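The values are calculated or read from the model by the stated rules, or taken from the named source; none is laboratory data. Quick caveat, the model's predicted, so the values are computed rather than measured. Ideal geometry is used to build each Cβ from the backbone, glycine not excepted, and the neighbour counts take in all protein chains shown.
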């Protein structure tokens, strides 16, 4: 499929403005275009799409460009150019506006366009969550917008998981959990998805687990591995003690222990024996196990 180009009139219709405004934006450098030998302005689909996202012009991204060109064409072009900022801007907009179907569609189409789950989570999901958390902390999002956005993203990840083709089950069980209260539900569901696609059976305990509760569960279930996700970069003694107790319990149960998260560096606990530390979903995906111990492929 060749590149589709649009006229000034097309661009004006897509953006919901008159042609003179489109011309002014191009003259100011806000909206990219190029001129034909005859001097006519022509616009590329992804340049118009980027402008819509950045400046919030036009209708929904699904309701505008698709009448001229397929969603698949636009998404594939953006993925190939690694313009992840555009994708996480769309994800953020869908989340705070409560557009669950749009968020699900975005994740599904980006995956179909060839972006791996790990890159999708690292470059679209995590930046979106961070932006939501930052704006909420700055009182720029209401409590209702905050919870709506989190629910949209959580639902989108669950639906994405349901739609993905899974590898044959390997009959190995992995426990996922977080010891942080009220955090990481979305990230844990993303990690859950990543592992289930690889054929693991995942027991997701969610957030706010204490070391004692988690250790009892490990003793009872004796899983193949424990994945402990955290956004905390704090190095408090209490945090260290909780992690140490959990890792020791996992070791006693014969479970591999993997700890990490988007902002977690593990400075205080990198000396724990047999524990693998990951700072991204890409790192989690690279963890490999052998019969004796956790691989040190991504050991931090």
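For residue 156, state whether it is over 28 Å from residue 245 (Cβ atoms), crowded, with 20+ Cβ neighbours inside 10 Å, under 21 Å from the mean Cα position of the chain (by Cα) and in contact (Cβ under 8 Å) with a residue 12 or more places away in the chain. Spelling it out, residue 156 is indeed over 28 Å from residue 245 (Cβ atoms), crowded, with 20+ Cβ neighbours inside 10 Å, under 21 Å from the mean Cα position of the chain (by Cα) and in contact (Cβ under 8 Å) with a residue 12 or more places away in the chain.
Yes/no matrix, rows are residues, columns are (1) at pLDDT 95 or above; (2) assigned to a helix (DSSP H, G or I); (3) assigned by TED's automatic domain parsing to the domain that holds residue 229; (4) under 30 Å from residue 216 (Cα atoms):
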position	(1), (2), (3), (4)
98	no, no, no, no
120	yes, yes, no, no
141	no, no, no, no
182	no, no, yes, yes
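The requirement of being buried (at least 19 other Cβ atoms within 10 Å of the Cβ) and modelled with pLDDT of 95 or more is satisfied by residue 195.
Against the criterion of being in contact with a helix residue (DSSP H, G or I) (Cβ under 6 Å, 6 or more places away or on another chain), buried (at least 17 other Cβ atoms within 10 Å of the Cβ) and more than 16 Å from residue 121 (Cα to Cα), residue 174 qualifies.
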